[in-house]
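**Q** Sharing a structure below in structure tokens format, with a few things to ask.
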Amino acid sequence: NDEQFKNVISHAKEYGFVFQSSEIYDGLSAVYDYGQLGAELKNNIKTYWWKAMVQMHENIVGIDSAIFMHPKIWKASGHVDGFNDPMIDNKDSKKRYRADQLLEDRIEKYRKDGKTDKAEDLQTAMDDALKAEDLPQLKSLIEAHDIACPVSGTKNWTDVRQFNLMFSTQFGAMSEDAEVVYLRPETAQGIFVNFLNVQKSGRMKIPFGIAQIGKAFRNEVIARQFIMRMREFEQMEMQFFVRPGEDGKWFEYWKEARLKWHQALGTDPARYRFHDHVKLAHYANAATDIEFEFPFGFKEVEGIHSRTDFDLGQHQEFSGKKMQYFDSELNEEGKPYGNYVPYVIETSIGLDRMFLLTLINAFEEQDLSTEDKQDSRTVLRLHPALAPVKAAILPLTKKDGLPEKARAIMDTLKFDHNLIYEEKDSIGKRYRRQDAIGTPFCITIDHQSLEDDSVTIRHRDSMEQERVAIADLERIIGNKVSW
Ligand code: ATP
């Protein structure tokens with residue numbers, strides 16, 4: 001599994017999906033750039049999410065709020081005081097760790113070694129300590145379980161301290177009147193503070209949702225596992241505003257709806273599971289994670305949180321502006337619901353984690369050996385709608401008018417589909433290169449094409465070829481790559 005994960009990472013780099021940021025300067029830790037194919041794949045994932053949320057729901061609209069926001073927002077949301085990770089340093093290696101991560105790794109190890117009781121006990125003790133924010137207790141657990149620094153191998157630990165994950169910067173040109181602002185650590189607050197703007201200007205009626213895709217920033221104590229945990233990442237969040245008391249029902253609704261969204265991509269259902277939170281964040285009355293089985297274990301991709309009226313209530317208090325909704329419909333007793341601060345169900349998915357999941361799930365090193373010949377190929381079995389390139393246009397040779405014919409075909413298709421034109425190398429090599437980037441169709445133009453306006457379509461997954469009329473290409477490709 002480790003091996004497979006390493007192969008996915010190097011594949012992502014080799015084919016232009018993901019590069020380390022600032023690579024020629026030796027990189028910047030936990031920051032990554034998306035290359036030419038990565039940007040396409042990422043956009044396609046965004047489109048899939050946006051369509052499912054905004055286009056498919058009459059009562060959900062999308063916004064794009066600024067990364068910079070008034071600093072009081074982060075006071076109100078609880079991030080200034082509470083968005084911390086418990087941090088611990090090893091005095092010998094000078095390496096910094098998350099105390100809870102060290103303990104989780106140990107729990108994982110106990111589980112692997114079959115020490116289930118020990119794992120359960122430590123899990124409970126850790127959850128209790130985290131909930132009570134009992135930092136000395138976290139240190140005691142690290143000591144009691146004899147956890148050593150993975151780098152120095154020693155157990156010479158500092159005390160556990162809280163470390164705030166928000167990045168801050170100066171706002172304003174003059175340093176004297178500059179104010180500290182934060183780079184948003186989640187996109188959700190941009191939705192909450194615009195709740196009334198959207199509700200009024202869009203004449204939205206509860207229940208309704210506001211969706212947003214955008215960058216978020218967290219100064220993660222430790223970064224690992226490639227684009228799983230980054231310091232700059234992207235979130236796709238939707239806040240769904242409901243009547244108080246109907247939050248439980250909508251929480252269940254969104255749990256199921258979101259799992260369906262994932263599984264509609266054809267992923268093996270056994271690789272997904274829910275993980276209900278025992279330790280709830282300060283704003284939540286119910287929370288679950290959708291976890292995916294990565295090569296390094298089941299990990300969170302998406303959170304579904306029942307946030308109560310916490311956020312709107314806080315903003316009402318801190319801004320002094322009413323964050324209420326007037327509900328003119330009648331309840332069962334025939335009275336109007338009246339004014340209230342709505343409750344919120346949030347769905348929050350990390351775009352980069354979804355990207356990683358998609359790559360891992362699609363990546364296959366397929367053995368094609370026959371009795372007389374060893375052969376293999378690397379293929380990305382991406383859902384055609386997500387594939388960065390929909391079709392490759394391949395003239396069989398560089399002469400006899402085949403390139404011109406191929407270009408003419410390309411011109412009819414390229415407005416609707418992202419295509420690649422390639423005339424170098426043998427056709428077999430060109431097919432393999434398209435397999436490696438997940439292109440669902442290869443279209444080969446040969447001498448017969450000049451005579452009867454037909455081409456060969458070669459399918460990525462089955463590797464089968466069929467002869468089709470050029471006039472049918474638009475329909476064939478369109479059918480397969482559309483949502
Ligand atoms: P974790 O426990 O993994 O740190 P979280 O519970 O803090 O995640 P949320 O605050 O619920 O995460 O954020 C929602 C989603 O944003 C997560 O499910 C994840 O997909 C994504 N996400 C959060 N932090 C990061 C990060 N540092 N890098 C990439 N994606 C992230």
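Bear in mind that the values in this text are calculations on the coordinates, not laboratory data. Quick caveat, the model's predicted, so the values are computed rather than measured. Every residue, glycine among them, receives a Cβ derived from its backbone with ideal geometry; neighbour counts consider all protein chains shown.
**Q** From the helices alone, meaning DSSP H stretches of at least four residues, give me the mean residue ellipticity at 222 nm for the chain, per-run term -39500 (n - 2.57), in deg cm²/dmol to the nearest 500. Could the numbers behind the result be given before it?
**A** Working: 16 runs with 167 residues, N = 483.
Value at 222 nm, helices only: -10500 deg cm²/dmol.
**Q** Remind me, relative contact order of the range 1-78 in percent, using alpha carbon pairs under 8 angstrom and six or more residues apart? Intermediate results must be reported in sequence, preceding the final value.
**A** Values: 39 pairs, mean separation 13.6, N = 78.
Relative contact order comes out at 17 percent.
**Q** Shifting gears a bit: What are the radius of gyration and Dmax of the chain, computed over its Cα atoms and given in Å?
**A** In Å, with Rg to one decimal and Dmax whole: 26.2, 81.
**Q** Next question, about the same structure. With all pairs of different alpha carbon atoms counted, what Kirkwood hydrodynamic radius in Å does the range 215-258 show?
**A** Mean inverse Cα-Cα distance, inverted, gives 13.2 Å.
**Q** Now for a different question. Over the range 389-481, what number does the Rg to Rh ratio reach, with both radii from the alpha-carbon atoms and Rh per Kirkwood?
**A** 0.91
**Q** Something else now. Any chance you could give the angle, 0 to 90 degrees and rounded to 10, that helix 36-50 forms with the longest Cα principal axis of the chain?
**A** The helix 36-50 is inclined about 60 degrees to the chain.
**Q** So what's the angle, to the nearest 10 degrees on a 0 to 90 scale, between helix 2-14 and the longest Cα principal axis of the chain?
**A** That helix lies at roughly 70 degrees to the long axis.
**Q** Hey, another quick one. Given an 8 Å cut-off on Cα distances and at least 6 residues of separation, report the relative contact order of the chain as a percent.
**A** 13 percent
**Q** Work out how far the C-alpha atoms of the range 174-277 reach from end to end along every principal axis, then list the three figures in whole Å, largest first.
**A** 54, 43, 24 Å, listed from the longest principal axis down.
**Q** Arrange the following residues from fewest to most other Cβ atoms within 10 Å of their Cβ: Tyr283, Tyr343.
**A** The order, fewest Cβ neighbours first, is Tyr283, Tyr343.
**Q** Right, next: Can you tell me the dipole magnitude for the range 84-164 around its Cα centre, using point charges on the Cβ only (Lys, Arg +1; Asp, Glu -1), in Debye to the nearest 20?
**A** Dipole magnitude for the range 84-164 comes out near 400 debye.
**Q** Give me the Å³ per residue figure for the convex hull around the C-alpha atoms of the range 12-156. Walk me through the numbers on the way to the answer.
**A** Working: hull volume 35.0 nm³, N = 145.
Dividing the Cα hull volume of the range 12-156 by its residue count gives 241 Å³.
**Q** Quick check: Cα centre of the range 189-236 to Cα centre of the range 33-98, how many Å?
**A** If we compute the Cα centre of each part, the gap is 6 Å.
**Q** What ³J(HN,Hα) values, in whole Hz, does the Karplus curve 6.51 cos²θ - 1.76 cosθ + 1.60 give for the range 280-288 when θ = phi - 60°, with x put for Gly and Pro?
**A** 8, 5, 4, 9, 10, 10, 6, 7, 9
**Q** Efficiency by 1/(1 + (r/R0)^6): what FRET value for Phe19 and Lys94, r their Cβ-Cβ distance, R0 = 22 Å, to the nearest 0.05?
**A** The pair Phe19/Lys94 has a calculated efficiency of 0.15.
**Q** Can you compute the equivalent ellipsoid semi-axes for the range 334-452, i.e. the square root of 5 times each eigenvalue of the Cα gyration tensor, sorted largest first and rounded to whole Å?
**A** 44, 23, 10
**Q** Helix 99-112 against the longest principal axis of the chain: what's the angle in degrees, Cα atoms only, rounded to the nearest 10?
**A** Computed tilt is about 60 degrees.
**Q** If you don't mind, another one. How high is the relative contact order of the range 389-481, in percent, counting Cα pairs under 8 Å that sit 6 or more residues apart?
**A** RCO, the range 389-481: 30 percent.
**Q** Rounding to the nearest 20 debye, state how big the charge dipole of the chain is about its Cα centre with +1 on each Lys and Arg Cβ and -1 on each Asp and Glu Cβ. Mind showing how you got there, number by number?
**A** Numbers: 64 positive and 79 negative charges, 121 e Å.
For the chain, the charge dipole is close to 580 debye.
**Q** On to the next question. Over 5 Å intervals from 0, what percent of Cα-Cα pairs in the range 245-361 sits in each interval?
**A** 2, 10, 17, 18, 15, 13, 10, 7, 5, 3, 1
**Q** Is there a quick way to get the dipole size of the range 389-481? I mean about its Cα centre, with the Cβ of Lys and Arg at +1 and of Asp and Glu at -1; what is the value in debye to the nearest 20?
**A** 440 debye
**Q** For Val18, which sequence-distant residues (separation of 5 or more, or a different chain) have an amide H within less than 5 Å of its own amide H, given hydrogens modelled in the peptide plane?
**A** Lys13, Gly35
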